[in-house]
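Visitor: A single structure is presented below for examination.
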Amino acid sequence: MKFNLPVIVLKGTILLPEAEIKLEFEDEVSKNIIDESELFHDNNLLIVTQNSIEENIIINELPNIGTIAHITRKLELPNGKVRVVLKGVKRAHILEYLNISKDSIESIVSYIRNQTIDEETNRGILRKLNLELENYINKVPYMSNSLLSLISDTTDLNKITDIIVNHLPIEVSKKIEYLVQINPIKRVEMILQDMYKEEQLFNIEKKLDTKVKKELDNDEKNFYLKEKIKQLKSELGEISPKEDEIENLKNKVEELNANEDIKNKILYEIDRYENMSSMSPEVSIVRNYIDFMINLPWGNTTIDIEDFNLIKENLDKNHYDLYEVKQRIIEYLAVKKYSNNIDAPIICLVGPPGVGKTTLAYSIAESIGRKFVKISVGGVDDEAIIKGHIRTYIGATPGKIIDGIKRAKSSNPVFLIDEIDKMSSNYKGDPRSALLEVLDSNQNKYFKDNYLEEEYDLSNVLFITTANNIDAIPEELKDRLEIININGYTELDKLEIVKTHLIPTICSRHGINNIKINDEQILNIIRYYTKESGLRELERLISKIVRKIVTDKVISNKRINLTIKNIEEYLGKKIYEKEEIISEIGIVNSLVYTNYGGDITSIEVNHYEGSGNITLTGSLGDVMMESAKIALSYIKSNYKLFNIDYSIFKDDIHINIPNIAIKKEGPSAGISITTALISALSNMSVSKNVAFTGEITLRGNVLKIGGLKEKVIGAYINNIDTIFIPFSNIGDLDSIPIEIKDKIKFIPVKKYEEVYEYLKGGSYV
């Protein structure tokens with residue numbers, strides 16, 4: 001039977017039946033061959049080996065016998081390469097090669113029929129082959145006994161010979177001879193000849209080993225004499241620098257506050273180092289390991305401050321508000337005072353950038369008298385970065401956790417793990433799973449770093465983690481954390497922080513007394529030059545003003561009185577102006593939650609003559625696209641309620657959310673999209689001082705959403721004065737600052753019909 005197969009040409013290697021080979025491809029031609037095999041040839045393709053040393057494939061020089069292979073596994077790597085595992089299945093005659101493109105080859109092949117061997121001959125050959133193979137394995141130690149078990153379950157001589165050949169230590173050219181030999185009895189004869197040759201070579205190697213061993217015995221004799229000389233030198237007071245170094249290392253080990261197993265481990269490594277030649281490639285590896293082990297703070301801890309009034313005073317001095325996290329730290333220390341067996345909490349500070357998560361962790365360490373160490377795991381995709389590399393690898397290093405403990409020089413520091421929501425996983429492992437062991441109080445007492453090779457007790461460490469987006473933290477990791485939300489600041493919060501913290505700190509940093517700047521001027525900077533939940537940009541702007549004042553003072557030696565006018569000279573024209581509120585059909589405001597806090601975005605809808613298609617743009621995620629489809633289905637099923645002519649649904653509808661460079665995801669835009677669609681399809685305008693948030697169902701139910709506080713703060717910054725929210729989110733209004741609640745009207749709804757009644761009545765538009 002003839003059939004076609006795509007061809008992969010190997011150079012310098014070969015695939016025999018019953019063998020596996022791993023290949024990686026990065027060029028498009030090879031990837032297309034793999035795709036063609038999957039789509040049209042049931043994952044089968046032909047593997048041939050080119051004998052020619054030419055770089056280019058020469059069809060006339062390709063063999064007429066190859067191996068039909070099956071793709072058993074395929075993996076697309078992050079670097080764009082494709083890795084496949086191929087299993088050799090059967091020999092095949094190549095009847096013709098077809099050069100279908102410049103680099104792609106197909107073949108017309110047919111199976112090679114196995115030769116018939118009578119049962120008695122087959123039994124005799126197998127018996128001889130098994131005896132010789134067992135004898136060969138016993139004599140040649142680098143051949144594995146597992147080979148016998150691989151062939152024990154079959155009497156097929158074709159299969160057995162192919163399995164054995166794949167394990168023989170022979171060159172590629174020899175394996176090609178086995179491939180083209182289709183007679184299994186002939187292959188048995190070739191195998192026996194190769195095994196006899198290998199036995200002879202091994203006997204020669206054995207004789208050489210005996211000779212080398214005698215020379216090594218002489219080396220041992222020399223070592224013994226050197227030790228005697230060393231003792232004589234010691235009596236004479238002539239000790240070498242290395243001997244002095246070894247003695248110093250051993251003294252340091254004795255001073256360690258570690259258990260005997262740890263000390264014995266380090267002493268063992270010191271003995272290895274002592275007996276190594278200075279030319280050995282391992283000498284620096286062993287020396288670095290010894291230094292690292294000695295410098296770890298085994299059992300060394302600091303004493304916590306127990307004056308709670310002083311702790312609270314220190315925390316309040318450095319951070320405005322944040323009552324919940326401050327109270328949690330005081331509770332932990334209060335309970336610890338009465339119990340020596342209290343587990344340290346694993347705190348996770350969640351909030352947008354710039355709200356003070358990292359500086360708060362540092363203040364906690366300072367307030368309770370502990371050392372502070374920080375690592376960032378944002379972008380980490382290799383678990384070895386958390387748990388270290390095995391020491392046998394070249395360039396092996398300890399993981400970030402143990403390295404941080406070493407830098408802290410204490411076994412109970414405040415340990416900040418920053419950006420845990422930005423970790424990822426790939427073929428190198430899952431660092432998020434490795435972090436589970438670190439943050440689990442039942443496991444971290446016995447934490448084992450791969451580089452360290454010994455257990456290290458992390459149970460006394462006060463771990464604090466930070467994240468911008470709580471939804472990006474895996475559930476199994478989130479389960480070990482005490483989540484404390486640090487939300488964005490209101491204008492009044494920022495005003496207070498600027499006056500009490502930022503200005504004094506920045507002025508001190510620039511060597512001047514506090515600048516005189518009133519509340520109106522500070523609010524002018526906050527409103528017209530920043531649009532953030534945190535304080536980083538605000539801090540940069542205040543620093544810029546202070547630098548300008550210092551520069552003017554140095555150049556002209558004049559006193560600067562800040563006004564709105566010269567603030568604009570220092571900072572440039574206003575970046576954000578208060579938008580004029582304009583009602584426009586087909587556009588509504590939706591509340592969103594980003595990594596930078598809450599904000600608003602407009603949702604635009606257009607419709608035009610077409611065939612009823614819906615277009616969604618704006619880098620929308622799958623969930624948001626589904627929300628749009630649900631909204632349209634809901635409107636179609638209730639078109640009379642919304643005073644819409646059903647024939648308009650024959651038009652094409654385009655839904656767009658601006659800023660297409662930003663990925664948008666989540667179901668909370670449901671009622672916003674619904675309102676924008678109704679506005680466009682019924683010519684109903686919605687004022688821009690109204691915003692919406694809430695998930696919608698096909699029956700018009702409005703479901704609960706997350707991040708309401710951040711979204712409301714974003715709406716407040718953008719001059720929104722009316723917000724429609726899900727009725728089930730009423731409880732979240734308690735966390736919203738009173739000064740915002742006084743200026744925004746909240747309308748909780750259970751069904752979308754309630755939203756429409758409000759809008760139709762015009763009471764809030």
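Visitor: Which residue out of 722, 697 is within 20 Å of residue 587 (Cα to Cα) and among the β-branched types (Val, Ile, Thr)?
Guide: Numbers: 697 fails: within 20 Å of residue 587 (Cα to Cα).
From the options 722, 697, the qualifying one is 722.
Visitor: State whether one or more residues within the range 260-273 are of a type in the set (Val, Ile, Thr), free of Cβ contacts under 8 Å to residues at least 60 places away in the same chain, buried (at least 18 other Cβ atoms within 10 Å of the Cβ) and within 26 Å of residue 407 (Cβ to Cβ). First the steps, then the outcome.
Guide: The initial filter retains those residues of the range 260-273 that are of a type in the set (Val, Ile, Thr), namely 262, 266, 270.
Restricting the remaining residues to those that are free of Cβ contacts under 8 Å to residues at least 60 places away in the same chain gives 266, 270.
From what's left, buried (at least 18 other Cβ atoms within 10 Å of the Cβ): 266, 270.
Then drop every residue that is not within 26 Å of residue 407 (Cβ to Cβ), which leaves 266, 270.
Scanning the range 260-273 turns up at least one residue that is of a type in the set (Val, Ile, Thr), free of Cβ contacts under 8 Å to residues at least 60 places away in the same chain, buried (at least 18 other Cβ atoms within 10 Å of the Cβ) and within 26 Å of residue 407 (Cβ to Cβ).
Visitor: Would you confirm, using the coordinates I've provided, whether residue 504 is modelled with pLDDT under 85 and of a type outside the set (A, V, I, L, M)?
Guide: On the way: modelled with pLDDT under 85: no; of a type outside the set (A, V, I, L, M): yes.
When the stated conditions are applied, residue 504 does not pass them.
Visitor: Can you tell me which residues in the range 109-149 are out of contact with any strand residue (DSSP E or B) (no Cβ under 8 Å at 6 or more places or on another chain), farther than 21 Å from residue 189 by Cβ and either basic (Lys, Arg) or open to solvent by 90 Å² or more (accessible area, probe 1.4 Å) (or both)?
Guide: Taking the range 109-149 first, the residues out of contact with any strand residue (DSSP E or B) (no Cβ under 8 Å at 6 or more places or on another chain) are 113-149.
Pick out the ones that are also farther than 21 Å from residue 189 by Cβ and you get 138, 141-142, 144-146, 149.
Within the range 109-149, 138, 141, 142, 145 meet the criteria.
Visitor: Can you tell me how many residues within the range 122-156 are assigned to a loop (DSSP other than H, G, I, E, B), under 19 Å from residue 183 (Cβ atoms) and not charged (D, E, K, R)?
Guide: First, pick out the residues of the range 122-156 that are assigned to a loop (DSSP other than H, G, I, E, B): 140-145, 152-156.
Then drop every residue that is not under 19 Å from residue 183 (Cβ atoms), which leaves 154-156.
Filter once more, so that each one left must be not charged (D, E, K, R): 154-155.
The qualifying residues number 2.
Visitor: So, one more: Please enumerate the residues belonging to the range 526-545 that are buried (at least 21 other Cβ atoms within 10 Å of the Cβ) and over 18 Å from residue 355 (Cβ atoms).
Guide: The answer is 545, and nothing else.
Visitor: Related question: Looking only at strands (runs of 3 or more DSSP E) that lie completely in the range 607-717, which have at least 2 residues being farther than 25 Å from residue 593 by Cα and aliphatic (A, V, I, L, M)?
Guide: Values: elements: 614-617, 652-656, 690-692.
Answer list for the range 607-717: none.
Visitor: Among the residues of the range 1-53, what is the count of those that are over 22 Å from residue 99 (Cβ atoms) and of a type in the set (Lys, Arg)?
Guide: Residues meeting the conditions: 1.
Visitor: Taking the condition closer than 29 Å to residue 526 by Cα and in contact with a helix residue (DSSP H, G or I) (Cβ under 8 Å, 6 or more places away or on another chain), does residue 747 pass? Walk me through how you get there before you give the answer.
Guide: Details: closer than 29 Å to residue 526 by Cα: yes; in contact with a helix residue (DSSP H, G or I) (Cβ under 8 Å, 6 or more places away or on another chain): yes.
When the stated conditions are applied, residue 747 passes them.
Visitor: When you go through 617, 674 one by one, which is the residue that is open to solvent by 30 Å² or more (accessible area, probe 1.4 Å) and closer than 29 Å to residue 708 by Cα?
Guide: Values: 674 fails: open to solvent by 30 Å² or more (accessible area, probe 1.4 Å).
The match here is 617.
Visitor: Ok, one more. Might you check whether a residue that is surrounded by fewer than 16 Cβ atoms within 10 Å (Cβ to Cβ) and within 23 Å of residue 166 (Cβ to Cβ) occurs anywhere in the range 94-108?
Guide: No, every residue in the range 94-108 fails to be surrounded by fewer than 16 Cβ atoms within 10 Å (Cβ to Cβ) and within 23 Å of residue 166 (Cβ to Cβ).
Visitor: Can you pull out every residue in the range 275-300 that is in contact with a helix residue (DSSP H, G or I) (Cβ under 9 Å, 6 or more places away or on another chain) and either open to solvent by 60 Å² or more (accessible area, probe 1.4 Å) or at positive phi (or both)? Explain how you work it out, then say what you get.
Guide: Within the range 275-300, the subset in contact with a helix residue (DSSP H, G or I) (Cβ under 9 Å, 6 or more places away or on another chain) is 275-278, 280, 282-283, 286-287, 289-298.
Within the range 275-300, 275, 277, 278, 282, 295 meet the criteria.
Visitor: Also, I was wondering about something else. Would you mind listing the helices (runs of 4 or more DSSP H) fully within the range 349-414 where at least 1 residues are open to solvent by less than 20 Å² (accessible area, probe 1.4 Å) and over 23 Å from residue 257 (Cα atoms)?
Guide: Working: elements: 357-368, 384-387, 400-408.
Ranges flagged: 357-368, 384-387.
Visitor: Quick check, is residue 257 open to solvent by 80 Å² or more (accessible area, probe 1.4 Å), modelled with pLDDT of 70 or more and touching a Gly at 6+ places or on another chain (Cβ under 9 Å)?
Guide: Details: open to solvent by 80 Å² or more (accessible area, probe 1.4 Å): yes; modelled with pLDDT of 70 or more: yes; touching a Gly at 6+ places or on another chain (Cβ under 9 Å): yes.
Yes; evaluated as a whole, the condition is true for this residue.
Visitor: Inside the range 438-455, can you point out the residues that are open to solvent by less than 10 Å² (accessible area, probe 1.4 Å) and aromatic (Phe, Trp, Tyr)?
Guide: Selection gives 447 alone.
Okay, residues lined up against (1) modelled with pLDDT of 85 or more; (2) under 28 Å from residue 369 (Cβ atoms); (3) touching a Leu at 6+ places or on another chain (Cβ under 6 Å); (4) surrounded by fewer than 17 Cβ atoms within 10 Å (Cβ to Cβ):
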{"site": "418", "(1), (2), (3), (4)": "yes, yes, no, no"}
{"site": "430", "(1), (2), (3), (4)": "no, no, no, no"}
{"site": "434", "(1), (2), (3), (4)": "no, no, no, no"}
{"site": "457", "(1), (2), (3), (4)": "yes, yes, no, yes"}
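Visitor: For residue 606, state whether it is in contact with a helix residue (DSSP H, G or I) (Cβ under 7 Å, 6 or more places away or on another chain), surrounded by 12 or more Cβ atoms within 10 Å (Cβ to Cβ), on the phi > 0 side of the Ramachandran plot and not hydrophobic (A, V, I, L, M, F, W, C). Show your work before the answer.
Guide: On the way: in contact with a helix residue (DSSP H, G or I) (Cβ under 7 Å, 6 or more places away or on another chain): yes; surrounded by 12 or more Cβ atoms within 10 Å (Cβ to Cβ): yes; on the phi > 0 side of the Ramachandran plot: no; not hydrophobic (A, V, I, L, M, F, W, C): yes.
So residue 606 does not fit the description; no.
Visitor: Testing residue 517 on (1) under 23 Å from residue 712 (Cβ atoms); (2) not in a helix (DSSP H, G or I), one condition comes back false. Which one is that?
Guide: Every condition holds for residue 517 apart from (1).
Visitor: In the range 327-347, is there at least one residue being within 24 Å of residue 471 (Cβ to Cβ) and modelled with pLDDT of 85 or more? Outline the logic, then answer.
Guide: Of the range 327-347, the ones within 24 Å of residue 471 (Cβ to Cβ) are 328, 345-347.
Keeping just the survivors that are modelled with pLDDT of 85 or more gives 347.
Checked against the condition, which is being within 24 Å of residue 471 (Cβ to Cβ) and modelled with pLDDT of 85 or more, the range 327-347 yields at least one hit.
Visitor: Let me ask something additional. For the range 66-80, check the following and say yes or no: at least one residue is over 17 Å from residue 106 (Cβ atoms), crowded, with 16+ Cβ neighbours inside 10 Å and modelled with pLDDT of 90 or more.
Guide: We begin by selecting, within the range 66-80, every residue over 17 Å from residue 106 (Cβ atoms); these are 70, 72-80.
Filter once more, so that each one left must be crowded, with 16+ Cβ neighbours inside 10 Å: 70.
Filter once more, keeping what is modelled with pLDDT of 90 or more: 70.
Looking for residues that are over 17 Å from residue 106 (Cβ atoms), crowded, with 16+ Cβ neighbours inside 10 Å and modelled with pLDDT of 90 or more, one finds at least one in the range 66-80, hence yes.
Visitor: Of the residues that make up the range 356-363, is at least one over 30 Å from residue 599 (Cβ atoms), at pLDDT 85 or above and touching a Phe, Trp or Tyr at 6+ places or on another chain (Cβ under 7 Å)? Break it down into steps so the answer makes sense when it comes.
Guide: So the first thing to find is which residues in the range 356-363 are over 30 Å from residue 599 (Cβ atoms), and the list is none.
No, the range 356-363 contains no residue that is over 30 Å from residue 599 (Cβ atoms), at pLDDT 85 or above and touching a Phe, Trp or Tyr at 6+ places or on another chain (Cβ under 7 Å).
Visitor: State all residues of the range 464-490 that are in a strand (DSSP E or B), touching a Leu at 6+ places or on another chain (Cβ under 6 Å) and within 21 Å of residue 705 (Cα to Cα); if no residue qualifies, say none. Even if it seems obvious, please write down each step before you answer.
Guide: Step one: list which residues in the range 464-490 are in a strand (DSSP E or B), which gives 464-467, 482-485.
From what is left, the residues that are touching a Leu at 6+ places or on another chain (Cβ under 6 Å) are 464, 466, 484.
484 - this is the single residue of the range 464-490 that is in a strand (DSSP E or B), touching a Leu at 6+ places or on another chain (Cβ under 6 Å) and within 21 Å of residue 705 (Cα to Cα).
The values are calculated or read from the model by the stated rules, or taken from the named source; none is laboratory data. None of the values given here were measured: they were computed from a predicted structure. Heads up, the Cβs are rebuilt from the backbone with ideal geometry, glycines too, and the neighbour counts pull from every protein chain shown. Surface accessibility is based on the protein's heavy atoms, side chains included, excluding ligands, DNA and RNA. Shrake-Rupley method; radii C 1.70, N 1.55, O 1.52, S 1.80 Å.
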